[in-house]
Amino acid sequence: MATDRLQTQRFELKYVVSAETARTARQYISCYLKPDDYAATLPDHSYPVHSLYLDSPELTTYQAVQTGEKNRFKLRIRYYSDHDEAVQFEIKRRANDVILKQRATVRRDAVRPLLAGEPPQLRHLARPDGRHLAALQEFGRLMRALEATPRSHVAYRREAWMSPANNSMRVTFDRDVRCEPEFGFSLRTQLGECVAPFGNQVVLELKFVDRLPNWCREMIQALGLKRGGAPKYAQGVLLLGEHRISNDGVGFKLPRAERKAAAPRLAARSVTAY
């Protein structure tokens, strides 16, 4: 992927819209934003996104969404192809209306030992970086405290736009959202038996670090957009059936010694999952 454009702290507005409305919105935003640096080189300014979501046997992060917790987090590993040499370990938190993200770029061959409980080291990273190491350590802490393991593979096509001068404003269109059970860690892109949480509709997200530009407000009003939630992992689990994702003992588990050494679950659950 191209240069890291992570917005570490931002606001998000989400809308589930028809394909026709998405096309109209694209025409509108193209007057103010440019295609994302990576997406600009691709057909339709779109690229595939894959995420492996981790959760506890009781699906703590999923249940937090279902109960509408205002302060929550989720754990995922993001990748883009079968041949990526590095992947992203991400923590995405919601604190009321603010989104906070931490990300570590990790060597693909380090995924298995890290999920098995190996302590994060600089050698696990794609390149030495103290900020990324801190994010990876926090990811590992939360993973062990929740006894979180792989639960679901979510895939979609993303069309991305950004501010011409910086990354203070991003707009994304996510199409063909698919979700399947996944208890392993091969980080494959091929989907098996999956569900489509949003059908043929498009997930439109407005992401901004300061204030929503006036032109966005005008677009929302002109298109009659209705804000709502669009949690891809949670909606996927809901359609698949919780029993297919939460079965304790199914799939990859930490070694017994690692589980005993993990921090108490209660410590992690004082920060409810997003």
Report task. Kindly indicate the residue of segment 207-218 that is over 15 Å from the mean Cα position of the chain (by Cα) and either closer than 16 Å to VAL17 by Cβ or among the charged types (D, E, K, R) (or both) and also surrounded by the fewest Cβ atoms within 10 Å (Cβ to Cβ) among those meeting that condition. Result -> ASP210
**Report entry** So ARG103, is it modelled with pLDDT under 95, within 16 Å of the chain's Cα centre (by Cα) and in a strand (DSSP E or B)
**Finding:** no
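Quick one: which residue in GLN235, GLN221 is under 21 Å from the mean Cα position of the chain (by Cα), of a type in the set (S, T, N, Q), at pLDDT 95 or above and not in a loop (DSSP other than H, G, I, E, B)? Please lay out each step first, then the result.
Details: GLN221 fails: under 21 Å from the mean Cα position of the chain (by Cα).
Just a single option satisfies the conditions, and that option is GLN235.
Test of understanding: among ASN71, ASN96, which residue is in contact (Cβ under 8 Å) with a residue 40 or more places away in the chain, farther than 23 Å from PHE185 by Cα and of a type in the set (S, T, N, Q)?
Numbers: ASN96 fails: in contact (Cβ under 8 Å) with a residue 40 or more places away in the chain.
That would be ASN71, the only listed residue that is in contact (Cβ under 8 Å) with a residue 40 or more places away in the chain, farther than 23 Å from PHE185 by Cα and of a type in the set (S, T, N, Q).
Report, by residue number, each residue of segment 22-46 that is acidic (Asp, Glu) and either closer than 14 Å to ALA222 by Cα or part of a helix (DSSP H, G or I) (or both). If you could, list the steps in order and put the result at the bottom.
Here is the first cut: in segment 22-46, the ones acidic (Asp, Glu) are 36-37, 44.
The one that is acidic (Asp, Glu) and either closer than 14 Å to ALA222 by Cα or part of a helix (DSSP H, G or I) (or both): ASP44.
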Report summary line: If we keep only residues of segment 1-22 that are exposed (fewer than 13 other Cβ atoms within 10 Å of the Cβ) and over 16 Å from ARG78 (Cβ atoms), then the residue modelled with the lowest pLDDT is GLN9
**Report entry** Residue match in segment 146-164 (condition: among the small types (Gly, Ala, Ser), on the phi < 0 side of the Ramachandran plot and in a helix (DSSP H, G or I))
**Finding:** no
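Okay, residues lined up against (1) out of contact with any Pro (no Cβ under 9 Å at 6 or more places or on another chain); (2) buried (at least 18 other Cβ atoms within 10 Å of the Cβ):
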residue: MET143; (1), (2): yes, yes
residue: GLU147; (1), (2): no, yes
residue: VAL154; (1), (2): no, yes
residue: TRP161; (1), (2): no, yes
residue: ARG170; (1), (2): yes, yes
residue: CYS179; (1), (2): no, yes
residue: SER186; (1), (2): yes, no
residue: THR189; (1), (2): no, no
Query raised in the report: Hey, among the residues in segment 23-54 that are out of contact with any Ser or Thr (no Cβ under 8 Å at 6 or more places or on another chain), closer than 30 Å to SER152 by Cα and aliphatic (A, V, I, L, M), which one's surrounded by the most Cβ atoms within 10 Å (Cβ to Cβ)?
Result: VAL49
Query raised in the report: Can we say TYR62 is assigned to a helix (DSSP H, G or I) and not polar (S, T, N, Q)?
Result: yes
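Kindly indicate the residue of segment 32-45 that is of a type outside the set (Gly, Ala, Ser) and out of contact with any helix residue (DSSP H, G or I) (no Cβ under 8 Å at 6 or more places or on another chain) and also modelled with the lowest pLDDT among those meeting that condition.
So the residue we want is PRO43.
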Report summary line: The one condition GLN88 fails out of (1) in contact (Cβ under 8 Å) with a residue 24 or more places away in the chain; (2) under 12 Å from the mean Cα position of the chain (by Cα) is (1)
Query raised in the report: Any residue at all in segment 100-122 that is in contact with a strand residue (DSSP E or B) (Cβ under 8 Å, 6 or more places away or on another chain), surrounded by fewer than 16 Cβ atoms within 10 Å (Cβ to Cβ) and more than 17 Å from PHE139 (Cβ to Cβ)?
Result: no
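The values are calculated or read from the model by the stated rules, or taken from the named source; none is laboratory data. Just so we're clear, the structure is a prediction, and the values are computed from it rather than from any experiment. Quick reminder, even Gly has a Cβ in these numbers, built from the backbone with ideal geometry, and neighbours come from all protein chains shown.
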